[in-house]
1. If each residue of separation counts as 0.36 nm, what is the full-extension length gain between residue 228 and residue 103 once their alpha-carbon separation is subtracted?
2. With N denoting the number of residues in region 299-410, provide Rg(C-alpha) divided by 2.2 N^0.38 Å, to two decimal places.
3. Can you give the Rg/Rh ratio of region 173-237, where Rg is from the C-alpha atoms and Rh is the Kirkwood radius?
4. Taking 4 °C and 1.567 mPa s as the conditions, I'd like the Stokes-Einstein D for the chain in µm²/s, using the Kirkwood hydrodynamic radius from alpha carbon pairs.
5. Provide 407, 340 in ascending order of the number of other Cβ atoms located within 10 Å of each residue's Cβ, fewest first.
6. Let me know the shape class of region 310-365, please: from the alpha-carbon gyration tensor, a ≥ b ≥ c as square roots of the eigenvalues, rounded when a/c is under 1.5, otherwise prolate if a/b is greater than b/c, or oblate.
7. Between the alpha-carbon centers of region 28-91 and region 273-326, tell me the distance in whole angstrom.
8. Using Cβ contacts closer than 10 Å as the measure, can you line up 114, 158, 218 from fewest to most?
């Protein structure tokens, strides 16, 4: 990549990067991964691996850059999660129904840019966010244990992904993105558990702790026939620095890497106007100790914050996405989609996940794009994830009074975006 091209990408990134870092994050869709990046993908159920529609498609598959021409896209999401918990049968006095919606709604910008630099090579940049471990309980579920303030956590993750893609044969491309991440985490109102930490001073109510990390993503996109395209991607684990202010909460003295993920997709041009697409994604939550370790080690004498420490107990999940894109006329394009995925939180792990109930499984979406001229278009989408409740089973150990914790989450989001082709 030439120095002028790097400078152009850097200058384009400054404003959206700053806006994304300042915005609060609360996305909790495929666990705490997004169910799509970009308004067009989100309107079509999150499909994008084999169906690039805008510059943000490179977040799903870096190889898409060769198929998008020269364009810039930016959008804003408004995200409204409804999360909560209920506890019953607890001998220590925790019983009750608790509302975790003390912070709502959330506004999140995203940005993408792609540009061909030769007949077969394109470069790009995408900036977007993950998140989802976000709750604010104004009435603490742990008040009976002595907590007097609000309880909740907030995880923000901003991804910056410079990308290069090359057409290796007619209709076939490979791409690679270098992933940079800036993440912040804050916890409050969980002091009653700090006595079980190896570092109780750095367990809760320490403000926001920031860490940086890096990884890599590779992708393939190929046109098999005029009607069928296939795509695939692999995103490595993103190795990050430690949350030093929460070294007594998370395993490995504050470690919180971003899980690896991989998947594939197919897009079929069913007619001149209609394209159908499907994606499959696998997210490896269990490979990150702070996310995947269960709570059980705590009762085997292993403290919070050390290697192999107790965690949220999330398991790996698979997600299927299905989308339809219909070109109504030269100006108007309509979209609809559906996705379904596994729930990462087992019934035995609901107690700690009162703080992070990322348990929705289904998403229903719709969207549209309107071209206002030869270069400018506007897109919009809406998404609803119906409420899913995970009912605890053996979820509160007798050490904490027994009983069960049930957690729940539903989501609604909508967004608008603008794109320009040059």
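1. Length difference between fully extended and current span is 40.6 nm.
2. The reported ratio for this selection is 1.59.
3. 1.34
4. 59
5. Listed from fewest to most nearby Cβ atoms, that is 340, 407.
6. Taking the square roots of the gyration eigenvalues as a ≥ b ≥ c, region 310-365 is prolate.
7. 16
8. 218, 158, 114
Values in this text are rule-based calculations from the coordinates and carry no lab data. Computed from a prediction, not measured in an experiment: that's the story for all the values here. We place every Cβ from the backbone using ideal geometry, glycine too, and count neighbours over all the protein chains shown.
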